[in-house]
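Report on the structure given below.
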Number of protein chains: 2
Amino acid sequence: MEADRIPHHPDVRTITLQRVLEAVVDPVRRSIVTQLCDASGDIACGGFDLPVSKSTATHHFRILREAGLIRQYYAGTSRMNALRRDEIDEVFPGLLDAIVTAERPASDAERATAG
Amino acid sequence: MEADRIPHHPDVRTITLQRVLEAVVDPVRRSIVTQLCDASGDIACGGFDLPVSKSTATHHFRILREAGLIRQYYAGTSRMNALRRDEIDEVFPGLLDAIVTAERPASDAERATAG
DNA sequence: ATCAAAGTTTGATCTCCATCGTACTTTCGT
DNA sequence: ACGAAAGTACGATGGAGATCAAACTTTGAT
């Protein structure tokens, strides 16, 4: 059935800080978020550079989706992933920015401010 | 010995995002950070409103200290806790603010922006 | 000197979660 | 219709961490 292929996404208002933090505390998931942030558009599950098996990756994508951080939709056999940037910024202003910025090497930050 | 009573604090440069996130992902520890943020000064371990036993609280304080989020020092028999605000802001700008802001009820945020 | 107060340490549980392999489902080419 | 590609679902497993009680340490007050 096609209905099964439309996964559940939480409404913006039901997104909790607890779940968001639980999501981004994992390095693999944080890497997914970072890659989505740096990319120009959405990315298929297989398009990420991840150090885990496919089944583990699926697990991480689900955690991110249920936390409200990403939106997933099918494009053929591929499952695309989109960062819910604006919505997250709306509920938790500055959070995503701070994390992604902190994720980048220190030299980048120096270049941006004092460089 | 008094030397034993000076716990180890990580240098600012050795503070990692991973450890900070692992620290704040726990609700009890996040509550400690929030209470420190809202308070005017430092707070003794016993001065916090926490839903755990004393030994568990000790555990949480250690995690926060080793992550670089708080500074601990003795004042008599009491162990005082200070938020390393400026230092954290230096390495991870905006992170603490975003988390503490997200922690507050939504009504507060509304009042601050649109109210 | 004693005692209480404030934390710490230790050891033991207990739960949660990241991980994997295997089997399954769905879609797209041919 | 068949096979390959892309993910998902399902157990199973292993390790990390949150929790507590009990014993201990240090300090301050009496």
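The values are calculated or read from the model by the stated rules, or taken from the named source; none is laboratory data. Computed from a predicted structure; not experimentally measured. Virtual Cβ from ideal backbone geometry, glycine too; neighbours counted across all protein chains shown.
Here are the numbers:
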read-out	value
Test: residue in region B:36-48 that is surrounded by 13 or more Cβ atoms within 10 Å (Cβ to Cβ) and of a type in the set (Ser, Thr, Tyr)	no
Hey, A:Leu17 buried (at least 16 other Cβ atoms within 10 Å of the Cβ), within 14 Å of the chain's Cα centre (by Cα) and at pLDDT 95 or above or not	no
Some residue of region B:86-96 being assigned to a loop (DSSP other than H, G, I, E, B) and more than 14 Å from chain A (Cβ to nearest Cβ)	no
Residue tally, condition within 14 Å of another protein chain (Cβ to nearest Cβ) and assigned to a helix (DSSP H, G or I), over region B:63-84	2
When residues of region B:21-62 are limited to those that are of a type in the set (S, T, N, Q) and assigned to a helix (DSSP H, G or I), the one farthest from the other protein chains (Cβ to nearest Cβ)	B:Ser55
Condition met for B:Arg65 (at pLDDT 95 or above, more than 12 Å from the chain's Cα centre (by Cα) and not β-branched (Val, Ile, Thr))	no
